[in-house]
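As structure tokens, the structure follows; a few thoughts come after it.
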Amino acid sequence: ATPRTPGHYPVFSLSRVQSALAATGGSDLVWSILHSMPSALTQKDLASLLSLLNDDSRPIDAVASLFHRTFAKSEHFRLATALCILIEERALSLPQRFFGLYILFDLFKSEATATNPFLPVFLDEMNKGLEPCMKSFLLHLLCYPPKDLAKSSPRELISGYDETQGTPPTPDFDQLRKDYLDRLGSPSGFLRSGVCPVLLHG
């Protein structure tokens, strides 16, 4: 296959997401999950969500702000859960994953990393064969968030990544998992605050 150049990644519309899910193993289950979640995710919801992720030249924080303005706060967790599924199933392009993962981070950025109910998604991603630019981005989000990181667009982060600069130091993922699980089992943890956590794999 011919490598894609930055700025020429496929943009996944609703129909292309459906096709991508239909072409992968276990995809029927994925699609059924999207439709059977509490307050089921409709095709209109999904189309609105995907439309936010389609312009890889937009600053990442601008898209996150648009997410907050477009959807009511009561809808955020349901839509974020759908993002998790689409990210994990690779139904989104690389630039769209930049947007999606930042939205998951942004929803809880004022809290400690281990209190983000979507932390397992980040940890699972770090265990995959990520593109170097994405690995660096996730490490920054988890532990070293630069003030202006999200001012860049996915296109800029992909094309401007310099491998000679290396990646940020890798944090203690085992400790992050432990902190997450400790909070999961605490009466003052996610459930008491009205947030349903994402479960760790394995």
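Before moving on, here are some points about what is shown:
- Between GLN175 and GLN43, the modelled labels are 4.9 nm apart [label points 7 Å from Cα along Cα→Cβ].
- Surface calculation, 1.4 Å probe, protein heavy atoms: LEU149 sits at approximately 30 Å² accessible.
- For the stretch 43-132, accessible area per residue (1.4 Å probe, heavy atoms of protein chains only), Å²: 36
- Of the solvent-accessible surface of the stretch 57-135, computed with a 1.4 Å probe over protein heavy atoms with every protein chain present, carbon and sulfur atoms account for 51 percent.
- Solvent exposure of ASP148, expressed as accessible area, is near 100 Å², computed with a probe of 1.4 Å over the protein chains only.
- FRET E, pair SER110, ASP162, Förster distance 35 Å, beta-carbon r, rounded to 0.05: 0.70
- When you count the other C-beta atoms within 10 angstrom of each residue and take the mean per peptide, 85-97, 171-183 line up highest first as 85-97, 171-183.
- Between ASP124 and SER51, the contour length at 0.36 nm per residue exceeds the Cα-Cα span by 23.7 nm.
The values are calculated or read from the model by the stated rules, or taken from the named source; none is laboratory data. As the structure is a computational prediction, the values presented were derived from the model and not from experiment. Cβ atoms come from the backbone with ideal geometry, glycine included; neighbour counts cover every protein chain shown. Areas reflect the complete protein model, heavy atoms only, side chains present, ligands, DNA and RNA absent. Shrake-Rupley method; radii C 1.70, N 1.55, O 1.52, S 1.80 Å.
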